[in-house]
Amino acid sequence: MAKKRMSKKQLVSSVSFFQKLTAALFLISFVLGCLLGNLLENALYAPAFSLFQNTIRRLPALAIDRQDVFFYCLRENIKCFLLLVFFAMTNAWRIYYVIFLFYTGACYGLLFTFCTLLYGLGGIPQFLCFLLPQALICVPLYLFFLNKLEAFHTDWFLPENNAAGSDFFFFQPKKRGLLFKQIPLFFLVILLLAISSLLEGYLNLPLIQYFNSGL
């Protein structure tokens with residue numbers, strides 16, 4: 001038992017402050033998204049809720065190309081990845097990081113609200129259907145990747161990594177080396193995002209259609 005408690009403590013201590021901050025900001029924005037969805041149900045988001053409701057009801061009968069869904073998800077995931085990497089190399093990184101988390105959390109909060117408004121407590125499994133199984137990859141991946149980008153951003157702007165008289169990183173050997181060192185990590189992230197997109201297109205979509213066919 002002591003050994004088990006020790007491993008749990010080590011696991012908790014290994015989670016960085018930045019990862020905790022990331023999770024906290026996401027949860028705050030998720031709650032705000034839920035509140036927004038409930039407060040503005042009959043005003044600003046009424047058309048969006050109506051569209052969501054009609055789509056969900058028609059979903060089991062829709063013929064959706066899973067390959068198209070896969071490529072769409074992959075394209076969106078890669079776009080998100082590239083924007084994060086780009087902003088990590090700018091002074092606007094932390095602003096973009098906060099905006100990214102608040103936008104993502106609020107969107108999922110609205111989705112949760114739409115599901116529960118439509119089905120009550122039964123909307124919770126419906127909400128989970130939208131997230132699984134790809135979230136099992138995406139959630140830990142983004143916690144890990146955002147933490148790595150924060151460390152990369154900090155190193156990027158260290159005085160010793162900035163060559164005088166050149167603003168373009170390609171002409172700064174230390175910055176160029178720092179970026180090249182991240183290439184294995186970037187390939188790993190892209191690979192996991194591709195797997196997540198594959199799951200979303202070929203497993204998540206049939207799961208949603210099957211679940212909604214019984215509602």
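The values are calculated or read from the model by the stated rules, or taken from the named source; none is laboratory data. Please read all numbers here as calculations on a predicted model, not as lab measurements. No Cβ is skipped: glycine too gets one built from the backbone with ideal geometry, and neighbour counts run over all protein chains shown.
Looking only at region 71-91, decide whether some residue is over 28 Å from Glu150 (Cα atoms), modelled with pLDDT of 90 or more and surrounded by fewer than 17 Cβ atoms within 10 Å (Cβ to Cβ).
In the first step, residues of region 71-91 are kept if they are over 28 Å from Glu150 (Cα atoms); the result is 71.
Subset that is modelled with pLDDT of 90 or more: 71.
Among the residues that remain, those that are also surrounded by fewer than 17 Cβ atoms within 10 Å (Cβ to Cβ) are: 71.
Checked region 71-91: at least one residue is over 28 Å from Glu150 (Cα atoms), modelled with pLDDT of 90 or more and surrounded by fewer than 17 Cβ atoms within 10 Å (Cβ to Cβ).
Out of Phe100, Phe186, one residue alone is surrounded by fewer than 17 Cβ atoms within 10 Å (Cβ to Cβ), of a type in the set (Phe, Trp, Tyr) and at pLDDT 90 or above. It is Phe186. Can you say whether Ile124 is surrounded by fewer than 15 Cβ atoms within 10 Å (Cβ to Cβ), at pLDDT 95 or above and either more than 18 Å from Asn77 (Cα to Cα) or of a type in the set (Asp, Glu) (or both), as far as the supplied structure shows? So Ile124 does not fit the description; no.
In this structure, Leu132 does not qualify as within 15 Å of Cys73 (Cβ to Cβ), exposed (fewer than 14 other Cβ atoms within 10 Å of the Cβ) and either of a type in the set (A, V, I, L, M, F, W, C) or at pLDDT 90 or above (or both).
Listed by first and then second residue, the pairs with beta-carbon distance under 9 Å, at least 6 apart or on different chains, first residue in region 128-144 and closer than 14 Å to Ser197 by Cβ, second small (Gly, Ala, Ser), are Pro133/Ser196; Gln134/Ser196; Gln134/Ser197; Ala135/Ser196; Leu136/Ser196; Ile137/Ser196; Cys138/Ser196; Leu141/Ser196. For beta carbons closer than 6 Å, sequence separation of 6+ or different chains, a first residue in region 176-195 that is touching a residue at least 40 places away in the same chain (Cβ under 8 Å) and within 24 Å of Asp68 (Cα to Cα) and a second that is surrounded by 10 or more Cβ atoms within 10 Å (Cβ to Cβ) and among the aromatic types (Phe, Trp, Tyr), the qualifying pairs are Val189/Phe145. On the stretch given as region 114-143, residues that are closer than 16 Å to Cys80 by Cβ, assigned to a helix (DSSP H, G or I) and either in contact with an Asp or Glu (Cβ under 6 Å, 6 or more places away or on another chain) or of a type in the set (Val, Ile, Thr) (or both) total 2. Pairs linking a residue in region 23-39 that is in a helix (DSSP H, G or I) and loosely packed, with under 15 Cβ neighbours inside 10 Å to a residue that is modelled with pLDDT of 90 or more and among the small types (Gly, Ala, Ser), with Cβ atoms under 8 Å and 6 or more positions apart or on different chains, are Leu27/Gly105; Val31/Gly109; Leu35/Gly109.
Restricting region 162-178 to residues that are surrounded by 17 or more Cβ atoms within 10 Å (Cβ to Cβ) and part of a helix (DSSP H, G or I) leaves a set whose member that is modelled with the highest pLDDT is Leu178.
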